[in-house]
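Notes for the one structure printed next.
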Amino acid sequence: MILICDDDPGILEMLELVLEDTGYEIIPEANSLNVRAIVNKQVPDLVILDLWMPVLSGDQVLKMFRENPITKDLPVIVISASTDGNDIALKAGATHFLAKPFDVEKLLELVEGHLN
Amino acid sequence: MYLKKYKLANYNQDGFSLNGDTLKQDFDVLSQALDSSVSGIIITDNTQPDNPIIYCNTAFEIITGYSRTDIIGHNCRFLQQADRSQPARSQLAEAIANGKECRVEIRNYRKNGDLFWNELYMSPVKSAEGKITHFIGVQNDVTKRKKAELELLDQQNQMEQKILDRTRELRESESFLSSIIQTVREGLLVLDPDFRILSANDHFLRTFKVSSQETKGKLLYELGNGQWDIQRLREMLIKILPTSNPVVDFEVEHDFPHIGRKLMLLNAYRIELEGQYKDQILLAIEDITERREIERRKDDFLSIASHELKTPLTTIKGFVQMLEKIKPKNASEKFEQTLAKIAKYIDRLNNLIAELLDVSKIQSGNMELHHDEFDFDKMVAETIDNLRSSAGLHELKLEGKLGRNILGDESQIIQVINNLVSNAIKYAPGSTQVGVYVSRVGEFVKVSVTDQGLGISLEDQKKVFERFFRSGDIQRRFPGMGIGLYICQQIVKNHGGTIWVISEKGKGSTFSFTLPIEGRLQGEA
């Protein structure tokens, strides 16, 4: 199960389509404030996370994951169009970083690497 | 000789009514004595009308150029010719009228019209009854002396005039300077060698809301709440006078009295003048708080704009790639080409957005350099490979190798190669060959990109690396913002290398750049 959190509905829709087509089970979430509740209910196999989100930013979500023993090793792929996204993501504990706009194939490679 | 004797005899008989040979002999001797004098001597008879000359000696003839026959019987004034308005003349007339002695320097004219200065000593001869019977005039030609005197006077006058002019000029330029100092929109302080304030312009006083009284005569470091008492600034200011090294763009962010927290930009120079301004320091202080804030907002705006533009682009790119994945097996060539074109233009749009952001970063000096070691040859080969997919009819030919790793920002160098090769393809629509040549030159690696395209005129070659420069004749035929080469140049410069172009209009261009293999040398600015 893959959790995707991005406040942009277009990205969510696109990623849902691509990943479901490949056969993965997806939980799309536009509001980062809901992530904690979702994870508490069921820890996903992998998270795809945006950085610039209102109220709770991607790096804050990441830190929250890393501080929690249950999610501290959870694979997280950060996707962002921010120029300093790479630095912020890796500092916050991201497993991978992909700059937007990314190649779908590249994302699928990273996902496969963790899930198969 | 005869004439003279005759004259004197006449003179003796008519003038003095003398009798007796002894006396006559004495007068002959006297007359000879007068003739041997270098001074011209005349005697006039005041008892006759118009005071005529009744005697002149040889020297007088020589000085005036007139002969005795021209002279005797005339009034002296004939020597002045038409030059009658001299002050010396009235002096002379007055002395004659009052029977007094006088000494004048008067302009006289020789028979041939030449001017000569006559130093005339005139004294009256009185009879026993006190009546003035004669005047004796002794004259010396002082033309040379007078000329020298006049020249000297003239020089003195000229000198005085020059001094007057210079003083006026100085006064004017001083008020000119002070009006400039007062009008500039920058705070200015003049400091003496001990950093004591000699003067402050109005803009400085207004900026810091202080008075002239609380500024002038104070040490720079005592001003306000000690805002300028910064160790590093002190060190730099101390070096200004002995080394003439200016303080350039020194930023001070401080909570100033009256005006609060501000960002000030300081520039200090030694005043390179002799005289009263020698060894003074000019300190210019500019409030850049607002400017910096605007710059920051502009940068923020651009990064938000680029973020917002890239987000839907990500979605489009994803959907297009999805289309590629799910395209029917029997899809037509047209279908595939169309998908490929969309992908290509998504990349182009993405590059444009990235370039806009790069320009902004370069301008605000925020272009970061990530120095890492990487395989240069591999990087070039991969970059060229990626470009081949969008090269169309152009054949990209890669030659040469560096054969070792290099220290630098790989993604930025890829950007430079991408840009140069893309340009080579873009501006050579009629040709098919683009050459990329890699070589090692000393401690540098050199990359050249050659096309057989339009070429660039000599005039435009100087400008192609300028920001937003677009050559006139390509402006409409080729799209672009004129920032690609500017970014390339900044990247290469940041790495401590150089970039240049050799081109001939109509034949093609070669863009080359060098990079230091060991990365940017320490201490390079």
Sequence-distant or interchain residues sharing an amide H contact under 5 Å with A:ILE27, placed H: which? A:ILE2, A:LEU3, A:ILE4
Counting only Cα, what are the radius of gyration and maximum Cα-Cα distance Dmax of chain B, in Å? 49.4, 165
B:LYS493 versus B:ARG234: modelled label distance in nm, points set 7 Å from Cα along the beta carbon direction: 3.6 nm
Computed accessible area, A:CYS5, all protein chains, 1.4 angstrom probe, square angstrom: 0 Å²
Taking a cut-off of 30 Å between Cα atoms, list the lysines near B:LYS462, but don't count ones fewer than 8 places away on the same chain. B:LYS298, B:LYS361, B:LYS397, B:LYS401, B:LYS426, B:LYS446, B:LYS493, B:LYS505, B:LYS507
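Need one number: buried accessible surface between chains A and B, 1.4 Å probe, both sides summed, DNA, RNA and ligands left out, in Å² to 100.
Working: alone 6250 and 31350 Å², together 35810 Å².
About 1800 Å² of accessible surface is lost on pairing.
Determine the shielding of peptide B:386-396 by partner chains: average, over its residues, the number of Cβ atoms on other chains within 10 angstrom of each Cβ. Intermediate values should be presented prior to the final figure.
On the way: counts 0, 0, 0, 0, 0, 0, 0, 0, 0, 0, 0.
Other-chain Cβ atoms within 10 Å of each residue's Cβ, averaged: 0.
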Would you pull out the residues with amide H under 5 Å of B:GLN81's amide H, same chain only if 5 or more places away, H placed 1.01 Å from N? B:TYR109
Label model pair B:THR432, B:ILE136: point-to-point distance (7 angstrom along the Cα→beta-carbon line) in nm is 12.5 nm
Can you work out the Karplus-derived ³J(HN,Hα) for every residue in segment B:422-430? Use 6.51 cos²θ - 1.76 cosθ + 1.60 with θ = phi - 60°, whole Hz, and x for glycine or proline. 4, 4, 4, 6, 5, 9, 10, x, x
Share of carbon and sulfur in the accessible heavy-atom surface of chain B [1.4 Å probe, %]: 53 percent
Can you sort B:HIS254, A:HIS114 by 1.4 Å-probe accessible area, starting with the largest? A:HIS114, B:HIS254
Along its principal axes, what span do the Cα atoms of chain A show, with the longest given first and each in whole Å? 33, 32, 25
How large, in percent, is the carbon and sulfur part of the accessible surface of chain A at a probe radius of 1.4 Å? 48 percent
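How much FRET efficiency would the formula 1/(1 + (r/R0)^6) give for B:ASP279 and B:THR243, where r is the Cβ-Cβ distance and R0 is 22 Å, rounded to 0.05?
On the way: r = 13 Å, r/R0 = 0.59.
After rounding, the FRET efficiency stands at 0.95.
Quick one: if the Förster radius is 41 Å, what FRET efficiency do B:ALA97 and B:LYS162 give, using the C-beta to C-beta distance and rounding to 0.05? All intermediate terms of the calculation are to be shown ahead of the outcome.
Values: r = 44 Å, r/R0 = 1.06.
It comes to 0.40.
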Taking only the alpha-carbon positions of the protein assembly as shown as identical scatterers, the Debye log10 I(q)/I(0) at q = 0.07, 0.09, 0.12 Å⁻¹ comes out as -0.72, -0.97, -1.25
Each residue of segment B:300-313 in order: what ³J(HN,Hα) in whole Hz does its phi give by Karplus 6.51 cos²θ - 1.76 cosθ + 1.60, θ = phi - 60°, with x for Gly and Pro? 4, 4, 5, 6, 5, 4, 5, 4, 5, 6, 6, 4, x, 5
Accessible area of B:LYS317 in the full protein assembly, 1.4 Å probe (Å², nearest 10): 20 Å²
How many Å² of accessible area per residue for chain B, probe 1.4 Å? 58 Å²
Over the Cα atoms of segment B:373-471 the radius of gyration and the largest Cα-Cα distance (Dmax), both in Å, equal 14.2, 38
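Using a Cα distance threshold of under 19 Å, what count of lysine pairs results for chain A when pairs must be 8 or more residues apart or interchain? Write down the numbers at each step before the final one.
Working: A:LYS41/A:LYS63; A:LYS41/A:LYS72; A:LYS63/A:LYS72; A:LYS63/A:LYS91; A:LYS72/A:LYS91; A:LYS91/A:LYS100.
Lysine pairs, 8 or more places apart or on different chains, close enough: 6.
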If each DSSP helix of 4+ residues adds -39,500 (n - 2.57) and the sum is divided by the residues in the protein assembly as shown, what number results at 222 nm, nearest 500 deg cm²/dmol? -14000 deg cm²/dmol
Accessible-area order (highest first, 1.4 angstrom probe) of the listed residues B:MET322, B:MET236: B:MET236, B:MET322
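The values are calculated or read from the model by the stated rules, or taken from the named source; none is laboratory data. Everything numeric here is computed off the predicted structure, so don't read it as measured data. Cβ coordinates were reconstructed from backbone atoms using ideal geometry, including for glycine residues, and neighbour counts include every protein chain displayed. For the accessible areas, the whole protein counts, side chains as well, though only heavy atoms, and no ligand, DNA or RNA atoms are used. Shrake-Rupley method; radii C 1.70, N 1.55, O 1.52, S 1.80 Å.
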